[in-house]
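Undergrad: Okay, here's the structure, questions in a sec.
The values are calculated or read from the model by the stated rules, or taken from the named source; none is laboratory data. In this text the structure is predicted, and so the values were computed from the model without any measurement. Positions of Cβ are generated from backbone atoms using ideal geometry, with glycine treated the same way; all protein chains shown enter the neighbour counts.
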Number of protein chains: 2
Amino acid sequence: MNIFEEYLEYVKREVGVTISTSPLIVRKYIEHLLKSEGKYIRAAAVLAAAQNKDGSIHHDAVIFAASIELLHLATLVHDDVMDDADTRRGVTTLHKKYGRKTAVICGDYLMAASMSLANKTEKKETYLGYSLPTYMEAIALGELNQHINNGNYKLKVKDYLSIIDGKTAKLFEAAMYSGVATSDDVREQQESYQTIGHAIGMIFQLLDDVMDFDDNESVAKKPVQSDFEQGVITLPLIHAFSTYPEALQKAEQHELTRKEVNQYVRNSKGVAITIAKAETYYATAKTAIENLDIIDTKREELMRILNLAMRK
Amino acid sequence: MNIFEEYLEYVKREVGVTISTSPLIVRKYIEHLLKSEGKYIRAAAVLAAAQNKDGSIHHDAVIFAASIELLHLATLVHDDVMDDADTRRGVTTLHKKYGRKTAVICGDYLMAASMSLANKTEKKETYLGYSLPTYMEAIALGELNQHINNGNYKLKVKDYLSIIDGKTAKLFEAAMYSGVATSDDVREQQESYQTIGHAIGMIFQLLDDVMDFDDNESVAKKPVQSDFEQGVITLPLIHAFSTYPEALQKAEQHELTRKEVNQYVRNSKGVAITIAKAETYYATAKTAIENLDIIDTKREELMRILNLAMRK
């Protein structure tokens with residue numbers, strides 16, 4: 001077990017502590033939610049950015065990582081309320097199981113717990129420039145933008161990129177930024193970490209959006225409703241619509257079937273173009289990582305996370 | 001215009017700045033919400049607690065007051081989503097006008113903006129002990145407790161008090177605590193301010209709960225559905241049920257009409273008993289205010305807010 005794996009266990013424990021010290025009434029809802037816990041990739045990003053020249057990681061990075069994972073959970077809970085989703089990653093959503101009201105408050109609670117935890121670092125005075133709430137604002141804006149553009153089949157590529165920047169990339173940026181803030185890394189390099197975090201987040205969402213149309217992907221874990229059926233406009237769709245005006249016209253008249261959409265996306269090479277876009281972010285991040293003045297294990301870990309996002 | 005009124009204008013301006021610097025998409029939702037803005041009593045509490053011995057108030061108190069008002073607005077937005085309320089203080093709710101999804105995200109945005117603003121004080125390092133998120137956690141717990149006890153006609157007085165402590169009193173406590181933290185008041189007195197804030201919040205909610213049954217109150221601004229009809233169990237109701245077991249039995253069989261409830265509350269003197277409970281909090285707060293070593297204008301302003309809550 002390397003230091004990153006070791007510290008990731010501390011992060012999981014810290015998330016567990018927050019939850020187990022919550023009153024019973026919230027615990028049962030939140031524990032249920034944790035059954036669908038993800039890969040802790042955001043926490044891993046914090047830890048990677050946090051490594052010092054001597055290989056050590058400050059415990060404050062564990063606090064920041066746990067707070068970011070809690071914030072991520074909070075957004076998932078509210079997403080479920082908004083999507084009216086029945087399952088997420090194969091598990092019944094809180095919203096479906098306990099009702100909308102409970103889910104709204106549980107999301108609020110998790111959000112508060114996340115912010116509250118972020119205030120509990122040891123070297124507090126060092127992080128006065130890091131504001132998790134500011135990132136939370138950006139995430140809410142991304143979600144709002146996505147919602148407002150629901151069913152907007154004429155969504156422009158730049159607006160789509162701005163939406164996924166807010167709803168996904170900003171939290172990866174926060175992860176990298178908070179991680180490096182705990183480290184001995186020189187201030188001049190900190191912007192590079194934000195670039196890397198942004199790129200990893202963009203790749204993560206672009207490839208997630210591809211899954212909707214990827215024939216090779218197992219259907220087992222796919223949501224009941226696809227993005228398209230929910231009115232969420234993604235890059236493969238934008239390409240299909242700009243290539244085939246008749247597809248756009250049909251969609252606007254609500255006459256486009258799921259099967260036809262898949263065909264249009266395939267013919268327009270929407271998936272390949274989306275993956276190519278992800279590759280450009282990959283190249284940017286890779287260059288930034290190569291140029292950092294850091295120890296080898298840190299560089300390898302940053303590359304591992306980048307490759308994980310890129311599913312390489 | 002005294003200093004408190006003058007600074008309250010700064011608070012309103014600060015809230016306005018947060019909103020006017022939000023992107024257009026959130027502005028239109030939030031501006032709509034501001035039409036139903038309240039009396040800024042929480043902000044007034046911050047400013048009262050913030051006054052220094054020389055009569056001045058530090059600008060950081062304005063920041064804290066604005067952040068508390070924004071948090072209050074955020075909870076109102078999410079309350080509306082949960083209540084499925086059509087109007088609040090006579091104005092159509094965001095939820096009804098723009099849909100549930102928008103309201104959930106707008107509430108999240110306001111919450112983030114509130115936390116973010118609270119981080120923008122000048123003497124940051126002085127307030128490391130003040131954590132708005134911790135209060136936000138308590139508020140979410142109060143809301144959750146209320147929701148779980150929806151329709152629980154056997155709710156105990158102490159559980160009711162614990163619910164309103166979370167959902168209402170905690171924010172007044174935060175107001176007093178953050179205000180005094182910006183002042184030159186000695187640390188030994190700070191606990192008294194929390195006591196005063198708690199008492200004011202409790203009075204505020206107790207008298208709000210009385211309105212549901214108060215014959216003298218104008219019906220014009222009452223919500224379409226009363227607390228009772230929404231399953232929210234308040235102190236006048238608890239007294240009616242404990243005095244008349246047949247009322248409890250009827251309620252549990254969903255056979256109790258609104259008219260009958262009013263009659264049972266009247267006969268059990270539920271309203272008078274609730275007002276008497278508020279009076280005990282009033283006495284506690286009054287004694288605490290009298291015992292503070294502060295200048296007269298500060299004491300008068302604290303008493304003014306206490307009387308405002310008590311509707312004296």
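Undergrad: Give the range B:72-99 a look and list any residue that's facing chain A (nearest Cβ under 10 Å) and at pLDDT 85 or above, or say none.
TA: B:Ala74, B:Thr75, B:His78
Undergrad: Got at least one residue in the range B:285-296 being on the phi > 0 side of the Ramachandran plot, surrounded by fewer than 21 Cβ atoms within 10 Å (Cβ to Cβ) and not in a helix (DSSP H, G or I)?
TA: Within the range B:285-296, not a single residue is on the phi > 0 side of the Ramachandran plot, surrounded by fewer than 21 Cβ atoms within 10 Å (Cβ to Cβ) and not in a helix (DSSP H, G or I).
Undergrad: For A:Gly197, which of the numbered conditions (1) within 14 Å of another protein chain (Cβ to nearest Cβ); (2) crowded, with 22+ Cβ neighbours inside 10 Å fails to hold?
TA: (1)
Undergrad: Can you find even one residue in the range B:44-52 that is in contact with an Asp or Glu (Cβ under 6 Å, 6 or more places away or on another chain), part of a helix (DSSP H, G or I) and at pLDDT below 95?
TA: Within the range B:44-52, not a single residue is in contact with an Asp or Glu (Cβ under 6 Å, 6 or more places away or on another chain), part of a helix (DSSP H, G or I) and at pLDDT below 95.
Undergrad: Further, regarding this structure: Residues that are without any contact (Cβ under 8 Å) to a residue 40 or more places away in the chain, outside any helix (DSSP H, G or I) and not acidic (Asp, Glu): does the range B:268-276 have at least one?
TA: Scanning the range B:268-276, I find at least one residue that is without any contact (Cβ under 8 Å) to a residue 40 or more places away in the chain, outside any helix (DSSP H, G or I) and not acidic (Asp, Glu), so the answer is yes.
Undergrad: What is the number of the single condition among (1) within 16 Å of A:Ala181 (Cα to Cα); (2) modelled with pLDDT of 90 or more that A:Asn119 does not meet?
TA: Failed condition: (2).
Undergrad: Still on this structure, I have one more. Just to be sure I understand, how many residues within the range B:100-125 are basic (Lys, Arg) and more than 7 Å from chain A (Cβ to nearest Cβ)?
TA: The qualifying residues number 3.
Undergrad: Is it the case, given these coordinates, that A:Lys250 is within 24 Å of A:Ala278 (Cβ to Cβ), out of contact with any helix residue (DSSP H, G or I) (no Cβ under 6 Å at 6 or more places or on another chain) and either modelled with pLDDT of 90 or more or charged (D, E, K, R) (or both)?
TA: No.
Undergrad: Can you tell which of A:Leu128, A:Leu141 is in contact with a helix residue (DSSP H, G or I) (Cβ under 9 Å, 6 or more places away or on another chain), crowded, with 18+ Cβ neighbours inside 10 Å and within 10 Å of chain B (Cβ to nearest Cβ)?
TA: A:Leu141
Undergrad: Further question: Take the residues in the range A:168-180 that are aliphatic (A, V, I, L, M) and more than 12 Å from A:Ala65 (Cβ to Cβ), then tell me which one is surrounded by the most Cβ atoms within 10 Å (Cβ to Cβ).
TA: Per the criteria, the residue is A:Val180.
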